Structures are given as structure tokens and as C-alpha cells.
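Worksheet: one structure, shown below.
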Amino acid sequence: MLGQSITRNSVLLALFAVVTTLLISGTFLKTKDRIALEQRKAEEKALLQIVPRERHDNSMLDDTLAVNAAATGLGLEENKQIYIARQGVDAAAVIIPVTAPDGYSGAIDMIVGVNADGTIAGVRALRHKETPGLGDKVDLNKADWILSFNGRSLDNPALAGWAVKKDKGEFDQFTGATITPRAVVAATLRALQYAQTEYETLFAPLSQDVVAGEP
């Protein structure tokens, strides 16, 4: 009888495990699409902070170029996407991922929007581990310092000016924190230089075959 009791309990436990697994799997499948949709909305929100809807008529999330982790100057740790904002067939701006590896508390993942005329549409720090109250001022939710890049270009300022004021450049540093803004300024400059080098590819108009929907 003891053996029968153990066998019965084992069967019940096995059935319970199967039912639990099915319930978890069903819940995951039901929420998977919703999670993906929310992630897409979050990504789009970040892009739209740099290039608002009135500046483009395409979906930037669906108009991308792959960029290899080894791309010169971008400092990426993995392959990523460059997002393109278009008006009709022409690219109005591109949003380039770049990593500042030399933040005070580690790497700072950023995106830099570059307009077709070579000016900066906007810069955002996406992920960082900078010190609260000091280096975290690279986050727009903490301070508006990151907006100081808007409208800048490789000619504004000249190359020597692409540094913090402590290094005789034109960009403010933070009180008590110089390493973080120095890293972000340098990374933003590298993204601009990348955009200049790859301009023909990044800002190439859509081909007529793509516009017509042909393969």
C-alpha cells in the first residue's frame, strides 16, 4: 500500500507539473505579442524625441541599416541598427547608435540624430551607470545638458571645440564631474564623423523599385 501511495503521489505531482507548465506557456504566448508591442512603442518614443513625427512620413523602426559592432568610431559592443527618417524617398535624418566606453562608471550607450545637412537633431543617453546627482545629468530626465548638442555640427564648433570647457572646449562639464560629459562629447563627435564618412550610404534616397514595392 505504501508503494501504491508513493506511485499515486508521483503521478499527481507529474500531472501538476505538466498543468503548471501549460498554464505558464499559455500565459507567455498570450502576453508575448503585447510585450513586443510595448517594447516597440518604447523604442519609437525614444526616436521621436530626436526626430518628431512632423519631420518624417515613414516608420523609422522599419527603415533601418545594420551597423556592425566593428564599425569605426562607434564603439559598439554588438551589432545594432541605424534608423532612417524620411520625407518621401529622401532621408531627412538618421539616428546612429554609439557607445562612450569611458564613462566614469562604465560604458554609456547613446543615440545621435544627424540631419541631412550635417547638424545634430538630438542626442540621448539610453543606458548608463553614472553616479546619481553627478554623472547622471547626461539623462534628459535629470538635466537638460544633453540638449546643448542640438544644432551642432563638425563645423560648429571646430574640431578643437569638441571638448568640455575644462579641456578648452565649448561644452559645459558638470560640477564635480568631468569624466562623464567628456566621454559623451567625444562619442557624439565620433558619431558625427561616422555620419560624414558614410554619408552617401546613410542618406541615399530610396530606389524607385522600393518605392514601387518591387523586389
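The values are calculated or read from the model by the stated rules, or taken from the named source; none is laboratory data. These numbers come from a predicted model, not from an experiment. In case anyone asks, the SASA skips ligands and DNA or RNA and just uses the protein heavy atoms, side chains included. Shrake-Rupley method; radii C 1.70, N 1.55, O 1.52, S 1.80 Å.
For the pair the range 164-200 / the range 79-136, the C-alpha centres are spaced 12 Å from each other. With all pairs of separate Cα atoms included, the range 79-194 yields a Kirkwood hydrodynamic radius of 14.3 Å.
Candidate cross-link partners of LYS142 among the aspartates and glutamates, defined by an alpha-carbon separation under 13 Å and a same-chain spacing of 8 or more, comprise GLU130.
The residues of the range 77-147 present an accessible area of 43 Å² per residue when probed at 1.4 Å with all protein chains retained.
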